[in-house]
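**Q** Next up is a structure, given as structure tokens.
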Amino acid sequence: MFMRIFVNCSNHPSQKWLGIQVKAAEKYGKIIDVPFPVVDCNLSNTQIEELVEQTVAKIMVYCPEAVMCMGEFVVCYKIIQQLKIKGVKVLASCSERKVTEHIEENGMVRKESIFVFRRFREY
């Protein structure tokens, strides 16, 4: 039997998602986490391409119906390109950012950002 799969390719494990995001992802199938790779700033273009190939291969093992891909911009872009060439629907998480500022006793300003998931948007 064919199982529908939603791949979460990010550094945010689905076990920590709020219910609204889990429910939205499960519309595409069972959620499988494939961690977004660690991207060293000193990687060459060839090494970036290899990292992208390895990540896309890990994702494609699941024959996903959809993939949420979010991470380092260049690698993310290249992963998205490869997945779309393969006919895979690729999504981004759309969140509302709520920022509060706190002035510390020493005069420093501390900002706190909270991201509230709203929906997925297709690339």
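The values are calculated or read from the model by the stated rules, or taken from the named source; none is laboratory data. Just so it is clear, the model here is predicted, and its values are computed rather than measured. Reconstructed Cβ throughout: ideal geometry from the backbone, glycine too, with neighbour counts over all protein chains shown. We work out accessible area using only protein heavy atoms, side chains counted, and drop any ligands, DNA or RNA first. Shrake-Rupley method; radii C 1.70, N 1.55, O 1.52, S 1.80 Å.
**Q** Pick from GLY87, GLY71: which is small (Gly, Ala, Ser), in a loop (DSSP other than H, G, I, E, B) and farther than 20 Å from ARG119 by Cα?
**A** Answer to the selection: GLY87.
**Q** Separate question: Mind checking whether some residue in the stretch 94-105 is open to solvent by 80 Å² or more (accessible area, probe 1.4 Å), modelled with pLDDT of 95 or more and in a loop (DSSP other than H, G, I, E, B)?
**A** No.
**Q** Which residue pairs have Cβ atoms under 8 Å apart, sit 6 or more places apart or on different chains, and have a first residue in the stretch 85-110 that is under 29 Å from GLU26 (Cα atoms) and a second that is open to solvent by 80 Å² or more (accessible area, probe 1.4 Å) and hydroxyl-bearing (Ser, Thr, Tyr)?
**A** Listed pairs, sorted by first residue: VAL90/TYR123; LEU91/TYR123; ALA92/TYR123.
**Q** Turning to a different aspect of this structure: When the stretch 15-32 is examined, which residues are found to be surrounded by fewer than 17 Cβ atoms within 10 Å (Cβ to Cβ) and touching a helix residue (DSSP H, G or I) at 6+ places or on another chain (Cβ under 7 Å)?
**A** Within the stretch 15-32, just VAL22 meets the criteria.
**Q** Which one is nearest to LEU83 (Cα to Cα), of the residues in the stretch 28-52 that are without any contact (Cβ under 8 Å) to a residue 12 or more places away in the chain and not hydroxyl-bearing (Ser, Thr, Tyr)?
**A** GLU50
**Q** Test ALA57 against the criterion of being within 13 Å of PHE120 (Cα to Cα) and not in a loop (DSSP other than H, G, I, E, B), and give yes or no.
**A** The answer is no for ALA57.
**Q** How many residues does the stretch 1-14 contain that are open to solvent by 50 Å² or more (accessible area, probe 1.4 Å) and either modelled with pLDDT of 95 or more or farther than 17 Å from GLU65 by Cα (or both)?
**A** The qualifying residues number 4.
**Q** PHE117 is checked against (1) within 20 Å of ARG4 (Cα to Cα); (2) part of a strand (DSSP E or B); (3) open to solvent by less than 70 Å² (accessible area, probe 1.4 Å) and fails just one. What number does that condition carry?
**A** (1)
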